[in-house]
């Protein structure tokens, strides 16, 4: 488990009302002495329950509101008729 300084918990909220939860950790690609090798890891999915627990425990949290529109659904029949 990481300390409060080396992990952050992320909630991404979309216009559809959906929320997705992730955690990121600070990692190194070389050694901790090499500042240039320190980076945030790839976001890993977590549950809402874990996010809420860590928020309550005062871990670093980020709430990101996404303004991305939902994808347009294209019916296969109409796509084939255009070709």
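The values are calculated or read from the model by the stated rules, or taken from the named source; none is laboratory data. For clarity, every value in this text was computed on a predicted model and none was experimentally measured. All Cβ positions, glycine included, derive from the backbone under ideal geometry; neighbour counts span all protein chains shown.
Brief remarks on what is shown
- Filter result (touching a strand residue (DSSP E or B) at 6+ places or on another chain (Cβ under 6 Å) and outside any helix (DSSP H, G or I)) within region 27-44: 28, 38, 40, 41, 43, 44
- Residue within region 53-74 that is touching a strand residue (DSSP E or B) at 6+ places or on another chain (Cβ under 9 Å), surrounded by fewer than 10 Cβ atoms within 10 Å (Cβ to Cβ) and modelled with pLDDT under 95 present: no
- Pair list, Cβ < 8 Å and 6+ apart or interchain, from region 16-44 residues that are modelled with pLDDT of 95 or more to residues that are loosely packed, with under 10 Cβ neighbours inside 10 Å and not in a loop (DSSP other than H, G, I, E, B): 20/45; 21/45; 22/45
- Filtered residues of region 45-75 (kept if assigned to a strand (DSSP E or B) and closer than 11 Å to residue 20 by Cα): 45, 63, 64, 65
- If only residues of region 1-22 that are under 15 Å from residue 58 (Cβ atoms) and in a strand (DSSP E or B) are counted, the one that is nearest to the chain's Cα centre (by Cα) is 9.
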